[in-house]
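To start, the structure itself, in structure tokens.
The values are calculated or read from the model by the stated rules, or taken from the named source; none is laboratory data. Every value quoted in this text rests on a predicted model; they were computed, and no experiment measured them. Neighbour counts are summed over all protein chains in view; Cβ atoms, including those assigned to glycine, are modelled from backbone coordinates with ideal geometry.
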Amino acid sequence: MAALTALVKEMKEEISAMKSAMVSGFTSVCPLIAAQTKPKDCRDYQLLGRNVSGVYNIYLPESKEKTQVYCDMETEGGGWTVIQKRRDGTQNFYTSYNDYEVGFGNVTSEHWLGNKNIYTITRYSGDAGDSLAFDHNGHGFSTADHDKDGSRDINCAQKHHGGYWYSGCFKSNINGLWGKPGEQGIIWGSFHSWQMYVLKETTMMIRPTALN
């Protein structure tokens, strides 16, 4: 009887140790799982099986706050994070540098996601030609109150009424005045063979370069 009692006690101790190990292991794994299920862009949501376009919360690196974005899950395979949209002129894009830094507008409509978020961009992609690479790559972001363009004599943001990576001064001006003809309007130079065709709608989107 004494031997049986000792055996039962030993089994209880082993079971208790196993439970402790399981709880400890689960606790250590949970933060990893949580981190993996906090998408940093729309592509991450797509990998989680979310394939419907709409508003999602993303968690950017080095940020404890969630950021609301619009995800395009349909265009050319989906997984796109929208960083800019123009469509009806309801949002003022001729605004301050601080506004462009933090972002403005409504992600379901006209908006700018914010330079602090957009600076994670590694590549642009589009089907209307590359008007960004010609004169804009490598330039600082300029607004009327923050002149960082490549022109010595002109504040390009003031001249073209927008906020952008102007050089001296532009081949594209998609943050210009909506419905305005000429160089202050919304222009993507290479569209319509560099005829400075004024656009009514634009959308800028990003996704990991491996998919582009």
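Going through region 185-212 one residue at a time, which ones are at pLDDT below 80 and part of a loop (DSSP other than H, G, I, E, B)?
G189, S190, F191, H192, S193, W194, Q195, M196, Y197, N212
Hey, which of the helices (runs of 4 or more DSSP H) in region 101-184, taking only ones fully inside, have at least 3 residues that are modelled with pLDDT of 70 or more?
115-118, 156-160
Consider region 143-185. How many of its residues are β-branched (V, I, T) and free of Cβ contacts under 8 Å to residues at least 40 places away in the same chain?
Number satisfying all stated conditions: 1.
Taking region 58-111 as the region of interest, how many residues are in contact (Cβ under 8 Å) with a residue 60 or more places away in the chain and either among the aromatic types (F, W, Y) or within 16 Å of T202 (Cα to Cα) (or both)?
The qualifying residues number 16.
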